[in-house]
Amino acid sequence: MLPIPYGRQHITEADIQAVTETLLSDFLTQGPKVAEFEHKFADYIGVQYAVAVANGTAALHLCALALGVAPGQRVITTPITFAASANCVLYCGGEVHFADIDPLTGLIDLQQVRQLLEAHPKGYFHGLIPVDFAGLAVDLEQARALADEFGLWIIEDACHAPGGFFTDSQGREQRCGNGQFADLAIFSFHPVKHIATGEGGMITTNRADLYDKLLMLRTHGITKDPAKMHRNHGGWYMEMQTLGYNYRMPDMLTALGISQLERADTGLARRRQLAARYDEAFAGISQVRPLAGAPGHAYHLYVIQVADRKGLYDFLREKQVFAQVHYIPVHTMPYYQELGWQAGAFPLAEAYYAHCLSIPLFPSLTDEQQQYVIGCIREFIGE
Ligand SMILES: *Cc1c(COP(=O)(O)O)cnc(C)c1O
């Protein structure tokens, strides 16, 4: 039963079978399993195009490139995210700006984004990277309206939210990454995420122009499609038309992704069930404040806020429960401070960070383990 981590992958015999089959096939790197995973993932999300890439960070980098981020461009994101959401802008020579969070949800506050936009001339900012933090979907319908008003593109960082959704103004469920409002969306298949392939990522979009760019950028900027070439010397001929990368995801890992995707809904249902039990348990403990929930929450993380966060973290460790903190605000990282960002700039994000703790939540967490975690938290709080 112990130790209990905050997140963990779940590998079945079927997963192992899927990977070993590809090991004996003709393709170790990009082959037929990549296209199959892309199609199935696109169907799951309800989007037109999906591009599998090496990891979530590579996905962000390619999105920033495809949207033309370059020196002189300014992009807004949230300080409460994994650093990669911001770093992708820097990779392309752009400038990262932040807007503070809504303390009830931990998501970027679109009102704060509006204030930031209104404080500068139109055209000053070029893009917005909202994050479906913890698995709670950003209201992208509102974000899109704001983006259109100020001429911004949107990359939705949906790493935490495959299968999550928000309800739009027409009452329709809008799945994270479905491309209805964002230009591009990205996912990660890091072991703690819903679908775990070790390393892996996906970009989703409904924009054919961006899809074509992404395919080129993923493989060195090379095309082998005669219809797209300037010249053609024969069967061997290919052309490098732009500066791309090797950000491919291998068949071995996409085979694992396909197998995991088949269980995605079961895993999501279990995450929601566990989250509901935590909600119930903490409803009676005034000193434990969970982040706000929602019907479409995908529960990558279950975050509570407590007065003595370090005390609880250390206490849980002694009990072999390994909670985690998501996230240290990006703008307070030493590298971002070198770029000129100061502690104190985003007080709501910083106050959130001082008290937040992600407690264990993953599909294979047993009821018994969850009761143990709740018991340890009760014991620490003294209620
Ligand atoms: C995991 C994660 C990433 C990066 O994904 P990798 O696959 O680890 O590169 C980016 N953004 C968020 C919000 C993440 O959780």
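The values are calculated or read from the model by the stated rules, or taken from the named source; none is laboratory data. Keep in mind the model is a prediction, meaning the values are calculated, not measured. Here the Cβ positions follow ideal geometry from the backbone for every residue, glycine too, while neighbour counts run over all protein chains shown. What goes into the accessible areas is simple: the full protein's heavy atoms, side chains included, and nothing from ligands, DNA or RNA. Shrake-Rupley method; radii C 1.70, N 1.55, O 1.52, S 1.80 Å.
Where in the stretch 46-110 are the strands (runs of 3 or more DSSP E), entirely inside, with at least 1 residues that are away from the ligand (no atom under 12 Å from the Cβ) and either assigned by TED's automatic domain parsing to the domain that holds Cys356 or within 17 Å of Gly151 (Cα to Cα) (or both)? Reasoning before the result, please.
Values: elements: 49-53, 74-77, 95-98.
Those strands (runs of 3 or more DSSP E) span 74-77, 95-98.
If we scan the stretch 187-208, do we find a residue that is away from the ligand (no atom under 14 Å from the Cβ), in a loop (DSSP other than H, G, I, E, B) and assigned by TED's automatic domain parsing to the domain that holds His61?
Looking only at the stretch 187-208, we keep the residues that are away from the ligand (no atom under 14 Å from the Cβ), and these are 204-208.
When the remaining residues are screened for being in a loop (DSSP other than H, G, I, E, B), the result is 206-207.
From what is left, the residues that are assigned by TED's automatic domain parsing to the domain that holds His61 are 206-207.
Scanning the stretch 187-208, I find at least one residue that is away from the ligand (no atom under 14 Å from the Cβ), in a loop (DSSP other than H, G, I, E, B) and assigned by TED's automatic domain parsing to the domain that holds His61, so the answer is yes.
For residues in the stretch 71-89 being closer than 21 Å to Leu116 by Cβ and aliphatic (A, V, I, L, M), which is surrounded by the most Cβ atoms within 10 Å (Cβ to Cβ)?
Ile80
Please find, among Thr197, Thr254, Thr242, Thr204, the residue that is free of Cβ contacts under 8 Å to residues at least 60 places away in the same chain, under 21 Å from Ala54 (Cβ atoms) and of a type in the set (S, T, N, Q). Even if it seems obvious, please write down each step before you answer.
Numbers: Thr197 fails: free of Cβ contacts under 8 Å to residues at least 60 places away in the same chain; Thr254 fails: free of Cβ contacts under 8 Å to residues at least 60 places away in the same chain; Thr204 fails: free of Cβ contacts under 8 Å to residues at least 60 places away in the same chain.
None of the others qualify; the one that does is Thr242.
Show the residue pairs that are 6+ apart or on different chains and have beta-carbon atoms under 6 Å apart, the first residue being within the stretch 39-57 and closer than 11 Å to Thr254 by Cβ, the second being open to solvent by 40 Å² or more (accessible area, probe 1.4 Å).
What qualifies is Val53/Tyr247.
What number of residues in the stretch 229-240 are open to solvent by 50 Å² or more (accessible area, probe 1.4 Å) and either of a type in the set (Val, Ile, Thr) or farther than 26 Å from Gly200 by Cβ (or both)?
Start the filter on the stretch 229-240 by keeping residues that are open to solvent by 50 Å² or more (accessible area, probe 1.4 Å), which leaves 230-233, 235-236, 238, 240.
Pick out the ones that are also either of a type in the set (Val, Ile, Thr) or farther than 26 Å from Gly200 by Cβ (or both) and you get 230-233, 235-236.
Result for the stretch 229-240: 6.
Give the residues of the stretch 39-62 that are farther than 16 Å from Cys176 by Cα and touching a strand residue (DSSP E or B) at 6+ places or on another chain (Cβ under 7 Å), sorted by residue number.
Narrowing the stretch 39-62 to residues farther than 16 Å from Cys176 by Cα: 39, 52-55, 57-58, 61-62.
Residues satisfying the conditions are Ala52, Val53, Ala54, Asn55, Ala58, Leu62.
Quick check: is even one residue across the stretch 93-106 open to solvent by less than 50 Å² (accessible area, probe 1.4 Å), in contact with a Leu (Cβ under 8 Å, 6 or more places away or on another chain) and under 21 Å from Val192 (Cβ atoms)?
Scanning the stretch 93-106 turns up at least one residue that is open to solvent by less than 50 Å² (accessible area, probe 1.4 Å), in contact with a Leu (Cβ under 8 Å, 6 or more places away or on another chain) and under 21 Å from Val192 (Cβ atoms).
Would you be able to say whether some residue in the stretch 274-293 is under 19 Å from the mean Cα position of the chain (by Cα), away from the ligand (no atom under 16 Å from the Cβ), over 16 Å from Gly7 (Cβ atoms) and not in a helix (DSSP H, G or I)?
For the stretch 274-293, residues under 19 Å from the mean Cα position of the chain (by Cα), away from the ligand (no atom under 16 Å from the Cβ), over 16 Å from Gly7 (Cβ atoms) and not in a helix (DSSP H, G or I): present.
Only one of these conditions is not met by Gln287: (1) buried (at least 17 other Cβ atoms within 10 Å of the Cβ); (2) within 14 Å of Phe380 (Cα to Cα). Which number is it?
Every condition holds for Gln287 apart from (1).
Restricted to the stretch 1-22, and to residues that are touching an Asp or Glu at 6+ places or on another chain (Cβ under 9 Å) and not β-branched (Val, Ile, Thr), which residue is most open to solvent (accessible area, probe 1.4 Å)?
Kept after step one, since they are touching an Asp or Glu at 6+ places or on another chain (Cβ under 9 Å), are these residues of the stretch 1-22: 1, 14, 22.
With the extra rule that they be not β-branched (Val, Ile, Thr), the set shrinks to 1, 14.
Values: Met1: 97, Ala14: 61 Å².
Going through the qualifying residues, I end up with Met1.
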